[in-house]
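Q: Below you'll find the structure I mean.
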Amino acid sequence: MSKDINILKSAEDYINNHDVDKSVEELFIEFQKIVDLHIEFEKYLKENKLNQNLEKMQRSKRLLAKRKLFAEWYLVSTQNKLDTKVVFIDLSEFTFASKRTIQKDLSSEATA
């Protein structure tokens, strides 16, 4: 990605716009817990050979903003560890959104 992301400003904007009672650090800790839980969930699905038939759900503006912020945070936190293609696949799985939706989130084209 050639776009520079100011993840701290994005997080502060999210917190202010949605009256979230957390600090930026607490929000990023929450995101890391989500990643860890998702990994655990995927392991559970594989071990139990469960089918993933997930229904689409409508998302509120707040959830769309949180998904966008999470995508930005994950991209920044893994930029030196993972290939961009892998990041898009991970984010797609973490948020149950398409890779195209994630790309739109990261390019600020997402609409609520």
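The values are calculated or read from the model by the stated rules, or taken from the named source; none is laboratory data. Since the model is a prediction, treat every value here as computed from it, not as a measurement. Here Cβ is always computed from backbone atoms with ideal geometry, including for glycine, and neighbour counts include all displayed protein chains. Side chains included, ligands, DNA and RNA excluded: accessible areas come from the protein's heavy atoms. Shrake-Rupley method; radii C 1.70, N 1.55, O 1.52, S 1.80 Å.
Q: So, of the residues in the range 28-52 that are open to solvent by less than 100 Å² (accessible area, probe 1.4 Å) and over 15 Å from the mean Cα position of the chain (by Cα), which turns out to be modelled with the lowest pLDDT?
A: Gln52
Q: Among all residue pairs at least 6 apart or on different chains, which show Cβ distances below 9 Å where the first residue, located in the range 92-108, is open to solvent by less than 60 Å² (accessible area, probe 1.4 Å) and the second is outside any helix (DSSP H, G or I) and of a type in the set (Val, Ile, Thr)?
A: Leu106/Ile5
Q: Report whether or not Glu25 is assigned to a helix (DSSP H, G or I) and modelled with pLDDT of 90 or more.
A: yes
Q: Here is a further query. All but one of (1) hydrophobic (A, V, I, L, M, F, W, C); (2) assigned to a helix (DSSP H, G or I); (3) open to solvent by less than 100 Å² (accessible area, probe 1.4 Å); (4) at pLDDT 85 or above hold for Leu82; which doesn't?
A: For Leu82, the exception is condition (2).
Q: In the range 1-25, what residues are exposed (fewer than 12 other Cβ atoms within 10 Å of the Cβ), more than 14 Å from Val76 (Cα to Cα) and within 17 Å of the chain's Cα centre (by Cα)?
A: Matches in the range 1-25: Glu25 only.
Q: Separate question: If we scan the range 86-98, do we find a residue that is modelled with pLDDT of 85 or more and over 13 Å from the mean Cα position of the chain (by Cα)?
A: Yes, some residue in the range 86-98 is modelled with pLDDT of 85 or more and over 13 Å from the mean Cα position of the chain (by Cα).
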